[in-house]
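The values are calculated or read from the model by the stated rules, or taken from the named source; none is laboratory data. Quantities reported herein were computed from a predicted structural model and do not represent experimental measurements. Glycine gets a Cβ as well: all are built from the backbone with ideal geometry, and neighbour counts include every protein chain shown.
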Amino acid sequence: MARFYGLAIRCWDRIGTQGQQKVQLFSHETEAVDIFLDLARVKRRRGYRPGLQR
């Protein structure tokens, strides 16, 4: 059975707009995890902090 997984973590917008998102496809889970960790590291370096859980 063919499967795929989706995780939307790169969405952004401004009040009153429809917003945007970036979609990246990976052939292996490890590749996706590596990119996610790199992105999280860059965001933290720039001062981003985790948001509140809703």
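Results, tabulated for the structure shown:
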read-out	value
Single residue of the range 1-21 satisfying the filter (in a loop (DSSP other than H, G, I, E, B) and surrounded by 10 or more Cβ atoms within 10 Å (Cβ to Cβ)) that is modelled with the lowest pLDDT	R10
Hits in the range 25-54 - residues which are surrounded by 10 or more Cβ atoms within 10 Å (Cβ to Cβ) and part of a loop (DSSP other than H, G, I, E, B)	F26, Y48
The range 9-22 residues that are of a type outside the set (D, E, K, R), paired with ones that are surrounded by 10 or more Cβ atoms within 10 Å (Cβ to Cβ) (beta carbon under 8 Å, 6 or more apart)	I9/F36; C11/Q20; C11/Q21; W12/Q20; W12/Q21; G19/D13; Q20/D13; Q21/R10
